[in-house]
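Please treat every number below as a calculation from the coordinates, not as lab data. For clarity, every value in this text was computed on a predicted model and none was experimentally measured. As a convention, Cβ positions derive from the backbone with ideal geometry for all residues, glycine included, and neighbour counts pool all protein chains shown.
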Amino acid sequence: MIKHIIWDWNGTLFNDVEMSVSVMNSILKERKLPIMTVEYYRSIFTFPVVDYYKKLNLNFKEEPFEIVGKIFIDRYEERKGESSLHKNVNSLLNELKENSIQQSILSAYSQVTLEKILVYHNIHSYFSNVVGLSHIYADSKIENGKKLISKLDHNKDEILFIGDTVHDFEVAEELGIKSILFAKGHQSEETLRRTGVPVINEITEMKNYLEI
């Protein structure tokens with residue numbers, strides 16, 4: 001029986017895909033590079049994020065990843081108010097709480113900004129642990145995941161990780177816990193299904209895998 005759910009943030013609870021694509025397209029336009037559709041974005045997005053940037057043919061010799069990555073994050077932060085939680089997230093988090101299922105967040109988003117945005121959307125109280133990165137460059141979540149798991153008073157078979165990328169699956173595998181992937185986030189359903197774990201198209205479908 002699942003007693004604790006670890007959520008990813010960007011793309012899983014927070015519906016920021018279209019805004020993220022728009023921000024990156026503004027960067028591509030300025031560098032006279034082809035812009036992308038949401039569909040194409042979902043087909044190439046990956047972790048670490050630097051590998052996704054390389055697929056966009058950004059020239060790191062002229063402009064290092066650290067610089068263009070900072071430009072993206074600055075513009076993302078300016079526009080994040082355009083995005084909202086995925087449909088039914090609030091009611092789902094509340095239902096899980098009412099069923100005594102504990103919840104945490106494990107994210108590649110910066111820790112400080114993650115905590116602020118949870119407060120902004122008034123959902124911070126649902127989470128017993130909120131774990132982000134100490135920087136803005138969205139690399140691996142595995143080490144932070146190990147630290148989080150060590151804090152939880154549950155067996156690994158009682159913990160479920162829900163994310164929207166293959167990296168989330170990889171994190172769950174490394175941690176020895178089950179995972180479900182959400183196909184309305186940052187990677188395509190086709191990409192996610194290659195992992196072999198359950199893939200859902202509505203966030204509330206995750207309840208089918210719980211005994212509630």
Mean ellipticity per residue at 222 nm, deg cm²/dmol - from DSSP H runs of n ≥ 4 across the chain, formula -39500 (n - 2.57): -12000 deg cm²/dmol
Against the rule of thumb 2.2 N^0.38 Å, how large the Cα Rg of the chain comes out: 1.00
With a/c under 1.5 counting as rounded, go ahead and sort region 23-123 into rounded, prolate or oblate using the C-alpha gyration tensor (a ≥ b ≥ c being the square roots of the eigenvalues; past the cut-off, prolate if a/b is larger than b/c, else oblate). prolate
Given a cut-off of 29 Å, name the pairs among K141/K207; K55/K184; K3/K146; K54/K97 whose C-alpha atoms lie farther apart than that in the structure shown. K54/K97
Shape verdict for region 17-82, please, from the Cα gyration tensor: rounded (a/c under 1.5), prolate (a/b greater than b/c) or oblate. rounded
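Would you mind ranking V23, V197 so that the residue whose beta carbon has the fewest other beta carbons within 10 Å leads the list?
V197, V23
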Out of region 1-60, which trypsin sites (Lys or Arg not before Pro) are coil in DSSP terms and have no more than 15 other C-beta atoms within 10 Å? R31, K32
